[in-house]
Structure formats: C-alpha cells, structure tokens
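Some notes on the structure that comes next.
Just so you know, all these numbers are worked out from the coordinates, no wet-lab data involved. What you are looking at is a predicted structure, and each value in this text was computed from that prediction instead of being measured. Cβ sites come from the backbone with ideal geometry, for glycine too, and all protein chains shown count toward neighbours.
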Amino acid sequence: MFRLCLMLQWQAITYFFFFGNICFTMLHGNFESKTSWRDETTQTSQEKLHKLINCCRFLDLIARATGAASAIPTASGWSVVVEHAQDGGDAKMSASDVTRGVACALKPPVFLHFGGSEMQASCSGVCVIDASLPPGKTVNIETITFKNFYTALVSVRLRRRSPGREGGGGEWCTALRDRPLMTNPHAESGAQDYCSIDRKQMRVEPDDVSSVRLVLKQPSCAWLTFGVEDVLLFPRAQPEPVGELSDWLSALNLVEQRLPTQGSLDAASVSCRLQPMWALSEVTTRSSRSHTAPVGRFDVDGSYDINLLSLT
Amino acid sequence: MDEGAELSLTIVQLVQRLKGSHLHAQMEREARECLHQPEIRLDSIKDDVRSFLRTSGWEKKLQNAVYRELQVERLASSLTAAAPPEHVKEPLAYMRKAQAGWERRILKSLNGMSTELGVPLARMRTAAEQRELSSKWNEMGTDEADLTGFRPIYAAKDFLEVVVALRSPNHKCGGDEEPGTRSHWGLIQVPLDVQDIQQLRGAYAELNLAAGQLGIDDDGHIHPDFFERDYVETAKKVLGGQDSAAAQQYSRRGCPTGLRADLWALILNSVDRPQDAMHFEQLKAGVVQHDLLVDHLIRKDVKLTASNDDYYFVFEDFLYQVLLCFSRDASVLEHFKYNSATPPKSYIRGKEGDEAYAVVYPPNGVIPFHGFSMYAAHPRLFQWPRCASCTRSRQSCTACSGRCTPATFSAYTLCPRRARVSCRCVCFWSGSCRRTCRDSSTTCDGSELSRYASPLSGCFELSQDISAPTSCFSFGTESWATTPWSWWRSWLPPSSPFGPRT
C-alpha cells in the first residue's frame with residue numbers, strides 16, 4: 001500500500017508537469033513544485049483538474065488509512081490555486097477550502113428584541129448570524145461546524161441560487177429547524193461544545209449556497225448572552241465527472257473499488273467515513289503524548305532528585 | 001453522532017485498550033493450544049475455537065474485562081476535529097480555569113511546605129536507611145518519626161469551598177455575591193444538570209424501603225429467614241457465576257461480611273497474577289529506595305485518622321504498606337488521560353525545563369489529602385482488594401493492580417459530569433433529596449455537606465420518614481459508616497481472633 005502511494009504520488013507529479021498550467025503549492029516537507037496555468041479555463045481542463053484534486057485527496061486518504069501520512073503530502077498541505085484569465089463565473093473551490101473551510105464573511109450577531117422603546121426592549125432569546133460568501137461565489141456545503149456558547153437550539157437557513165437563474169441572490173429555504181445543542185437550556189451541559197451539522201441532517205440539498213443564516217435560540221433567561229463562535233463552512237468534494245481516464249487514474253479507480261464500502265465509493269464518502277477515525281486517532285495520539293510515564297519506572301536514569309514542583 | 005457510529009467508536013476504543021493486555025495474550029495462547037484438540041475441525045475452525053473459549057470460561061473473563069472498561073467513565077471522543085484536547089476532557093472553560101487554579105494552590109502549598117520544613121520533595125535513602133525500612137516493613141507503625149511540622153495539604157472542606165465558590169461567568173447570578181432571586185437553593189451556584197427526585201428514585205431503586213438491605217435488615221433482632229439467609233445464598237451463586245456485572249448489581253443491597261472481599265474482587269475484575277506480585281515488589285522497592293515528602297503526609301494522615309479510629313487502628317501497618325506503594329505506582333497516571341486534572345510535574349535537579357528530565361510527583365500523580373488513608377479501606381476507589389489477601393494466602397504479598405478508579409479522581413477534580421463531586425453536591429442541595437439523620441435531626445448545614453462532599457459517602461435518603469435510620473449508600477458502594485469493622489474482619493484469616501464469623 002505504501003509503495004502504491006509512492007507510485008501514485010510520482011504519477012501525480014508527472015501529471016502536473018505534463019499539463020504545465022496548474023499552479024499548486026505543496027507544504028509537506030522539503031518538496032515543492034510549481035507551475036502556472038496561463039490558458040483560459042476550458043471544460044476539459046476543469047474536468048482534469050477535478051480528477052487531480054480527487055486524486056490528491058484520495059492519496060491523502062490512503063496515506064492516513066495506512067499510517068503513511070508522512071510519506072506523501074497530506075491534504076492540509078495541498079493548495080491548488082487556479083489562475084483564471086476570465087472574470088465572472090464561479091470562483092473554483094480550492095483544496096484548502098475542504099480542510100480549512102470556505103472563506104466567508106461572518107456578520108455580527110443580531111439579537112431580536114421586542115417591546116416599545118429601546119429602553120423597554122426585552123431580549124426575545126433569538127439571535128441571527130449571517131455567513132455570506134464573496135459575491136458571485138457559491139458553495140456546495142458538506143458540513144457546518146461551530147463552537148457553541150450557550151445556544152439551546154439552532155436553525156439553519158440557506159440562500160440558494162436557483163438553477164437557470166444566473167443573477168440575483170437566490171431564494172431562502174430552511175435546511176434545519178431547531179436542532180438542540182443543549183440538553184437542558186437552563187443548565188451547562190452542551191453549553192460550550194463543538195458542534196457540526198452535516199448535509200445529511202439538512203432537509204434540502206445545500207448546493208449552490210451563497211449565504212447561510214444561523215437562527216440561534218435560547219429560551220432560558222438564566223444566561224447573560226448566547227451565540228456561536230468559529231463558524232466554518234466545509235464544501236463538498238466535487239464528484240468525479242465521467243470521461244476518458246488515463247491509465248493511472250483507471251488504476252486509481254480500481255483501488256477505490258477494492259476498498260470495502262457499503263455503497264458507491266467516492267472520495268467524499270470515504271473521507272466522511274474515515275474522518276471519525278482520524279479524529280479518534282488524533283485524540284488518542286494527543287492523549288498518549290501527555291501525562292504518561294514509562295510504566296513501572298518513575299525515575300530518570302535511576303535519579304528522582306527533583307526540584308520544586310512546576311506551577312505551569 | 002448517530003448511535004451506530006457511537007457504538008463503532010466504542011468498540012474500536014475497547015479493542016484498542018484490551019489489545020496487548022494480559023487477557024489478550026492468555027486468550028491467544030489458549031486459542032493456539034486448543035488447535036491440538038480433536039474437536040477443532042479445520043473447516044469450521046473459527047466457530048470451534050469460539051465455542052471452546054466460551055465453554056472454557058474465557059468468554060466470561062473477556063466479558064468481565066469489557067464490563068470493567070465500560071465502567072470507567074472515559075471521554076466521549078468528539079468527532080469534531082476542531083475540539084482541542086483540553087476541551088475534550090472538560091468542555092467548560094471556567095471549570096478548566098477553576099481546576100487549574102485549585103491545582104496551582106495545592107502545588108504552591110506543597111512547595112511551601114518543602115521549603116519551610118527544609119524537607120526535599122524526594123531524596124534517595126542511604127543504604128542503612130533502606131535496610132532499616134526493609135526490616136521494619138511489616139511494622140511501620142512503630143516508627144516514631146517526628147511529624148509535627150507536617151500538615152495535610154487540603155481537606156474535603158477546602159475542596160468544598162472551591163466548589164461553593166464556582167461561578168458560571170455567563171450566568172445571570174454568577175457574579176452576585178449576595179443571594180438574589182436567581183440564585184440556586186443551596187451552596188452550589190453552578191447550574192448543572194442533575195437528576196431530580198423521580199430520576200434518583202429510578203436510579204437507586206435498590207435502596208427502596210420495600211427492598212431488603214444488608215446492614216439494616218440483617219440486624220440481630222430480625223430472623224435471618226426473612227432476608228439474610230436467602231441473600232447470602234444468592235451471593236454464593238453470583239460468585240459461582242463469576243460475572244462482574246451481576247456482582248455489581250448484587251452489591252447494591254450490600255455484601256455479606258464473609259463474601260465481601262470476593263465480591264469486590266469480582267466487581268473490580270481483580271485477579272491474582274504472578275506478575276502482580278512482581279509489580280508489587282517493584283513498588284515496594286521504590287518505597288525503600290526513595291523517601292518522598294508525600295510519604296510523611298501519608299503517615300501523618302494515617303496517624304490522624306485511621307490510628308485514632310476504633311475500627312481501623314489495627315490496620316495501621318497495612319495502610320502504610322498499601323498507600324506508600326500506591327504512591328509509587330505510575331500506572332495510575334493512565335487515568336489522567338480522561339480526567340480534567342493534571343498530575344504535578346517537576347524536573348530532575350539541574351535539568352529544569354528539559355522535558356526529557358520531566359517527572360511526575362508523586363509517581364502516581366495523586367497528592368494525598370486529609371482523610372486519604374480512609375480511602376484505602378474502600379475497595380471501589382482503590383481497586384486493591386487483593387492487597388489484603390496477603391494475610392489469607394501464603395504470607396506472600398499478592399500484588400495488586402493498584403489502579404485508582406475514576407471514582408477517586410472524582411474526589412478532587414472539578415467536573416460537571418454527572419458522576420462527579422460537583423454534581424453530587426448540587427444533587428444533595430437541590431432540595432430533591434432530604435437526609436434523615438440517625439438521631440432524627442433533619443437539618444443539614446455546611447459541615448454535613450462537607451462530609452458528604454466526599455465521594456465516599458454520597459449519601460441520600462429517599463424516604464420522608466424521619467425515623468428511618470441513615471442509609472449511607474453511594475451507587476454501587478457500601479456503607480462504610482455502618483459496617484466498616486465487619487468488612488475489615490472479612491479480610492483476616494479465620495484463625496485470627498478477629499476473623500469472620502462464617
């Protein structure tokens with residue numbers, strides 16, 4: 001498996017140089033290669049780019065799954081930047097968006113009040129936060145993550161661009177209604193948890209989304225304030241378009257087919273399945289690194305002559 | 001996270017923990033050896049080996065090991081990779097801050113004591129001292145060392161003050177010193193989610209007045225046919241089945257005196273293994289070689305508590321052996337992985353700041369507090385029941401696992417999770433439980449709460465009948481206020497004048 005990864009890696013590099021129009025940065029180790037893409041984006045090139053991105057992502061999946069993460073660049077170290085000669089149209093999603101979230105503008109939270117004058121206004125326990133993408137940009141959302149801060153319920157509304165309508169903001173629809181974040185709005189449980197909302201949990205397909213609105217509710221009057229922090233939108237990986245594949249990509253598909261899956265295999269679904277395992281391995285790795293001493297021995301080379309206790 | 005994914009995660013974690021354990025090695029060896037048996041056929045080797053392990057009792061041992069692992073309140077691994085490790089251990093930021101402050105206070109106190117008394121935190125004993133300690137190992141109580149300068153680092157009351165002072169910064173009455181309309185009833189002002197009276201009644205249904213309980217319904221004036229005889233027979237059946245879950249369920253209504261040791265060993269899945277004896281000797285060697293300041297704290301605590309107790313004074317030497325060895329057991333550090341506490345750290349002299357020379361102090365990461373030695377009496381918290389079996393067996397100390405259960409960690413960590421002391425204090429004062437004292441007093445003040453802030457006696461009384469005697473039970477544990485002497489008696493050999501009646 002490790003050798004397959006290396007072979008695929010070198011084939012990917014060859015593929016990059018062959019096209020010669022793709023500019024990317026590898027942040028892994030000392031290996032760097034850059035080529036700029038000067039030609040205008042064409043449909044064929046876009047297809048190949050998508051395949052390349054899927055290939056890179058899948059290489060990372062294999063590497064992580066086989067524990068050979070250090071051998072090939074990880075997905076977090078890849079950033080494919082496409083230089084466009086044309087303007088307009090949708091800006092293409094970059095590989096870094098997949099791991100670090102799509103860049104979006106988070107507006108300040110708007111707390112809804114009811115009552116007469118400003119002095120007598122009472123907090124209704126409802127707050128709205130808008131996350132807007134850059135003008136003209138849309139995203140197919142895979143996951144929305146955020147850190148909760150005493151919000152009891154969250155609803156998600158999406159502004160989606162209607163198919164066939166290029167202009168305009170799009171229509172609002174409710175993707176998720178009143179998902180509980182705290183088991184008891186009056187108590188601390190779940191008050192500061194990290195949460196995620198997957199596209200499967202949404203009522204509508206979160207595709208071609210230009211804006212996301214989070215409607216936060218906290219019915220308890222026990223809290224001074226509530227909200228969410230660190231909102232991130234993770235885009236969905238593009239599905240692999242049907243087309244002629246070169247030999248090594250065919251071999252890649254063959255490897256994909258051999259992986260034990262319950263349904264159709266694509267990088268996004270494999271990523272979703274493996275993500276919990278990565279998180280688990282991260283947690284256990286972090287835990288195992290801290291607070292451990294070699295079992296049985298508490299001294300260092302026979303010495304336990306220590307100074308005062310460290311307060312930090 | 002859906003239930004299927006959560007179950008898969010739990011299974012992965014369990015397999016990871018059990019793999020490489022002694023049980024795993026034993027089962028592998030047994031499976032390999034059973035291949036020689038004629039009943040194992042090649043075409044159905046998998047099923048035959050499974051069947052063999054089932055019939056030979058290994059499946060039951062595996063079940064007990066899995067049950068023991070599930071009892072430990074591990075962290076639910078967050079699938080959101082964005083959560084930092086400290087958040088996984090404790091999600092509330094102000095709790096983490098309070099815990100860090102509490103730990104810093106303890107460390108400062110210990111450093112101050114070491115500086116004030118001129119006693120180093122750790123030193124190597126001289127050869128003569130090592131010989132003397134080895135010769136006096138079984139009679140350490142006769143050592144008349146001067147302990148006047150040593151004082152307990154903290155007591156349950158101090159920890160209670162920290163718990164009472166906790167305030168949620170985002171709570172509307174969090175900053176108010178004076179009680180207001182939004183204040184909680186009682187000392188604890190943290191809005192934690194605790195069980196109400198109905199939920200408590202369901203969770204502790206075994207303590208219902210309609211159900212018999214040992215320590216109450218086996219009193220002298222009650223005929224044993226009413227309850228005691230059948231209950232003891234059930235205990236023997238439970239021991240025969242060797243099922244940890246059944247033993248824990250059984251013990252909720254008390255354990256018979258003569259069978260308590262075996263039942264607790266079964267509950268804690270503590271088995272007598274030769275490598276445990278070696279491990280215990282290694283811990284003993286650690287005690288003999290190094291003299292730690294915490295050793296003096298342990299001795300002081302034993303002198304202040306157990307030695308002055310009518311029931312425990314005869315076990316003073318035993319407590320020294322257990323506690324000193326426990327303080328050297330580095331395997332206890334494993335529990336810090338899923339606990340918000342941090343073990344105290346120091347550096348080898350001259351290598352300050354160099355992580356390669358960082359050590360944990362004491363080696364098990366647990367600084368003793370006032371009353372700590374009484375925990376040695378409680379097997380649930382210490383998991384060292386087999387330690388006492390040295391008096392029963394061949395006069396050679398049976399090594400113990402020495403693993404401190406999370407219950408001990410819940411004693412002095414700030415955590416809003418349900419089983420922890422913060423929640424128990426809130427539950428006590430929430431008004432949903434009312435304690436009835438043996439002397440029919442129904443008032444509870446802060447001093448009573450400080451007693452019950454100790455996880456050893458998270459007691460409650462479901463009955464509103466004030467004439468009912470106190471039933472000091474905590475979940476899965478027994479009353480040590482009602483039957484401590486009889487419990488200790490069960491550990492002694494029958495030939496001893498203080499041995500068990502059965």
Net lengthening on full extension, B:HIS24/B:GLN289 (0.36 nm per residue, minus Cα-Cα): 92.0 nm
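Given R₀ = 35 Å, what would the calculated FRET efficiency be for A:HIS113 paired with B:ARG104, taking r from the Cβ atoms and rounding to 0.05? The partial results should precede the final answer.
Values: r = 42 Å, r/R0 = 1.20.
According to the calculation, E is roughly 0.25.
Summarise the partner chain shielding of A:186-198 as one whole number: the mean count of Cβ atoms from other chains within 10 Å of each residue's Cβ.
On the way: counts 3, 8, 13, 8, 2, 7, 9, 6, 10, 4, 6, 0, 0.
Mean partner-chain Cβ count within 10 Å for A:186-198: 6.
So which GluC sites (Glu not before Pro) in the range B:165-270 pass both tests, a DSSP loop state and at most 12 other Cβ atoms within 10 Å of the Cβ? Don't skip to the answer; put the middle values down first.
Values: sites: B:GLU177, B:GLU206, B:GLU228, B:GLU233; in loops: B:GLU177.
Those satisfying the criteria are B:GLU177.
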Under the Karplus curve 6.51 cos²θ - 1.76 cosθ + 1.60, θ = phi - 60°, whole-Hz ³J(HN,Hα) for the range B:300-308, x wherever Gly or Pro sits: 4, 5, 5, 5, 6, 10, 5, 5, 8
Residues B:ARG151, A:ARG213, sorted so that the one with the fewest Cβ neighbours within 10 Å comes first: B:ARG151, A:ARG213
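If you take each beta carbon of peptide B:359-370 and count the beta carbons of other chains within 10 angstrom, what is the mean? Please report the intermediate quantities before stating the final value.
Working: counts 9, 5, 6, 2, 6, 2, 3, 0, 1, 0, 0, 0.
Counting Cβ atoms of other protein chains within 10 Å of each residue's Cβ and averaging gives 3.
Let's test the formula: R0 of 41 Å, r as the Cβ-Cβ distance of B:GLN249 and B:ASP310. What FRET efficiency results, to the nearest 0.05?
So the FRET efficiency works out to roughly 0.80.
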Interatomic Cα distance distribution for the range B:160-310, bins of 5 angstrom, percent: 2, 7, 10, 9, 9, 11, 12, 13, 13, 9, 5, 1, 0
Average other protein chain Cβ within 10 Å of Cβ, residues B:85-92: 4
Ranked B:TRP185, B:TRP58, criterion: other C-beta atoms within 10 Å, fewest first: B:TRP185, B:TRP58
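Given the pairs A:LYS107/A:LYS137; B:LYS61/B:LYS236; B:LYS19/B:LYS345; A:LYS107/A:LYS147; B:LYS108/B:LYS345, which span a C-alpha to C-alpha distance of over 20 angstrom in this model?
Correct reply: B:LYS19/B:LYS345.
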Spacing of the two label points (7 Å from each Cα toward its C-beta) at B:ARG229 and B:TRP137, in nm: 4.7 nm
Where labels lie 7 Å past Cα in the beta-carbon direction, separation of B:GLN275 and B:GLU59 in nm: 2.6 nm
Projected label distance in nm at B:ASP43 and B:ASP354, using a 7 Å step from Cα toward the beta-carbon: 6.7 nm
